[in-house]
There are 2 protein chains.
Amino acid sequence: MTALRIGIVGYGNLGRGVEIAVSLQEDMELVGVFTRRDPATVSTVHEQTPVRSIDALESMQDEVDVLLLCGGSKTDLPEQTPLLAERFTVVDSFDTHARIPEHFARVDAAARVAGTTALISTGWDPGLFSINRVYGEAILATGCTYTFWGRGLSQGHSDALRRLDGVAAAVQYTIPSQDAIARVRAGEQPALSTREKHTRECFVVLEDGADADAVREEIVTMPHYFEPYDTTVTFLSAEELARDHQGMPHGGFVIRAGESSPGTNQTIEYRLQEDSNPEFTASVLVAYARAAGRLAAAGEHGARTPFDVAPGLLSPKSPEQLRAELL
Amino acid sequence: MTALRIGIVGYGNLGRGVEIAVSLQEDMELVGVFTRRDPATVSTVHEQTPVRSIDALESMQDEVDVLLLCGGSKTDLPEQTPLLAERFTVVDSFDTHARIPEHFARVDAAARVAGTTALISTGWDPGLFSINRVYGEAILATGCTYTFWGRGLSQGHSDALRRLDGVAAAVQYTIPSQDAIARVRAGEQPALSTREKHTRECFVVLEDGADADAVREEIVTMPHYFEPYDTTVTFLSAEELARDHQGMPHGGFVIRAGESSPGTNQTIEYRLQEDSNPEFTASVLVAYARAAGRLAAAGEHGARTPFDVAPGLLSPKSPEQLRAELL
């Protein structure tokens, strides 16, 4: 078996996770990390990982099978995915839900012209959660689908806290309501308000001389971010923040609750518990890289999403082995 | 949109479930039930459902898009699936795990010669549980996969009880160990013995004059079926059995627990809670019927399993709609 040759574009938390995840897959090898920074300034997890300028990709079409794009959805991927799809099979984790159709169209156009395969919006949401929403509503035609997130660190909400006057540092956790989940599992199919589904926990380090009560009030009344939720604010020292809040846990639930006939409840629940959100997302990207390589080899050109990828394509095992061992 | 025309072959609990599930899908219509019994003796859920002899299928190739085969895995499906695949697109729920490769090969040969599509081993295990085993180990390359069944009524174990001298009627429930599940969720990756994973609860109606202690002893020491488990036996009246144990609940868990890097635990959990096992299984078959019809229309001939079916093919929604609404 020839190993699938992977390139990583962009080296933040997600790129680091991909570097680790590729090393756990026996049928893959890492060609290198490609960065816009000065390669000499990038320190990788594994010392032997080559780091090159993103410009080096120009001449490497024959050395890379699949590029994993690890940039952000706001500015990096809208530009990089269509551009790199002109020459490579690519996988991204574009996660701005509202802009997916537009991103898909641009990537699809580029990939069709070039005869490449571009698998977008892999990861866990969008990604694994999305396919469970599809399976759920296809199987239980009559019912409701619920998505709960957390307990998890929210980067966007943490950033919102850090921008406030008087806040030196902060993190925010999104907490799914256990009561709401219990009602959904019980088949109640409740209509749940935003406030009933999640709560928010903020851990804040104040700047010297800041007024704790004023900061707390500003947080809990912040429109969109915190006002619609029951929000708790805990003040702590910079040392405590560094000691207790360095992880990036996340996860959540997709639950489809339906009735197969009146009064006969059926519930499908998908749950993720992640010690590290970027490492988990990276693990998903890497499995989808295998699928992207196979789709490209089969001549399936254009943009694809996890909805278009059969489960068996993610596995290193042959169809025969999968049927014998896992069916 | 032209409705997908469905035929049901075999009319037990699963066939009844399919009849109901098809009625919930707006893009399907039921051509009828096809039975080996005298059609006049078959009473359907919906009065208007046509019931015909299975022999009537001979001349109905142009009237049916997908046949859902609802017979048993022991004797019906090994014969019917390859035979009917010679003329129809078929979906079955063949569930004898050890014999799947052999069944696949026979069905595949028939379908390839005939130019039909045959989707086998749909349902929830094999089926939904199987694809979650594949996703889990593909994504978390380093880890362990656990399958727990229940709380659920086991037909095979209930039959084993009913064959005993002194037993007038009985049901058996398989119960997953909450302690074992908690350990798996916590990322312990424990090695679990058969006894640690499940317990068994028997509800038994004795025949007149039967010796309760002797029956209990015979049950808990029965090799393979009950001896390897902690088994409880509760005696009750025929009235109590009829009142409290008429449902066919089932479900279970597939959990993949892995580490994305040393000490970083990641857990993927898939859980089903079914008030009615046959109705849930039927709902899965019907969603896969949609996929089978699409695979057939795309010229994908031969045998397939849920591993080969992209999630989007199960949904009545278009790819564009899925990307906009559920990704």
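The values are calculated or read from the model by the stated rules, or taken from the named source; none is laboratory data. None of these values were measured; they are calculated from a predicted model. When we count neighbours, we look across all protein chains shown, and the Cβ atoms used for this are built from the backbone with ideal geometry, even at glycine. Keep in mind that these areas ignore ligands, DNA and RNA; they rest on the heavy atoms of the full protein, side chains included. Shrake-Rupley method; radii C 1.70, N 1.55, O 1.52, S 1.80 Å.
Quick look at the values:
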item	result
Residues (in a loop (DSSP other than H, G, I, E, B) and open to solvent by less than 40 Å² (accessible area, probe 1.4 Å)) located in region A:66-86	A:Cys70, A:Gly71, A:Gly72, A:Ser73, A:Ala85
Failed item, numbered, when B:Glu239 is tested on (1) closer than 30 Å to A:Ser260 by Cβ; (2) in contact with a Pro (Cβ under 9 Å, 6 or more places away or on another chain); (3) open to solvent by 80 Å² or more (accessible area, probe 1.4 Å)	(2)
Flag for B:Phe94 being within 14 Å of chain A (Cβ to nearest Cβ), touching a helix residue (DSSP H, G or I) at 6+ places or on another chain (Cβ under 9 Å), touching a residue at least 24 places away in the same chain (Cβ under 8 Å) and in a loop (DSSP other than H, G, I, E, B)	yes
Members of region B:271-293 that are at the interface with chain A (Cβ under 10 Å from one of its Cβ atoms), touching a strand residue (DSSP E or B) at 6+ places or on another chain (Cβ under 6 Å) and of a type in the set (A, V, I, L, M)	B:Leu272, B:Val284, B:Leu285
Any chance A:Leu128 is buried (at least 18 other Cβ atoms within 10 Å of the Cβ), of a type outside the set (Asp, Glu) and farther than 20 Å from A:Gly251 by Cβ	no
Condition broken by A:Asp108, with the remaining ones in (1) more than 11 Å from chain B (Cβ to nearest Cβ); (2) surrounded by fewer than 23 Cβ atoms within 10 Å (Cβ to Cβ) satisfied	(1)
Yes/no for B:Arg256 being in contact with a Cys (Cβ under 8 Å, 6 or more places away or on another chain), open to solvent by 10 Å² or more (accessible area, probe 1.4 Å) and more than 7 Å from every other protein chain (Cβ to nearest Cβ)	yes
Condition check for A:His198: crowded, with 19+ Cβ neighbours inside 10 Å, free of Cβ contacts under 8 Å to residues at least 60 places away in the same chain and out of contact with any helix residue (DSSP H, G or I) (no Cβ under 8 Å at 6 or more places or on another chain)	yes
Residue match in region A:216-229 (condition: aliphatic (A, V, I, L, M) and closer than 25 Å to A:Thr281 by Cβ)	no
Segments classed as strands (runs of 3 or more DSSP E), wholly inside region A:1-65, with at least 1 members that are under 20 Å from the mean Cα position of the chain (by Cα), among the small types (Gly, Ala, Ser) and surrounded by 15 or more Cβ atoms within 10 Å (Cβ to Cβ)	A:4-9
Filter result (surrounded by 24 or more Cβ atoms within 10 Å (Cβ to Cβ) and part of a helix (DSSP H, G or I)) within region A:138-156	A:Ala138, A:Ile139
Odd one out for B:Thr117 among (1) assigned by the TED database to the domain that holds B:Gly252; (2) in contact (Cβ under 8 Å) with a residue 12 or more places away in the chain; (3) not acidic (Asp, Glu)	(1)
So A:Ser121, is it within 20 Å of A:Ser283 (Cα to Cα) and assigned to a loop (DSSP other than H, G, I, E, B)	yes
Hits in region A:294-327 (condition: open to solvent by less than 20 Å² (accessible area, probe 1.4 Å) and more than 9 Å from chain B (Cβ to nearest Cβ))	A:Leu295, A:Gly302, A:Ala303
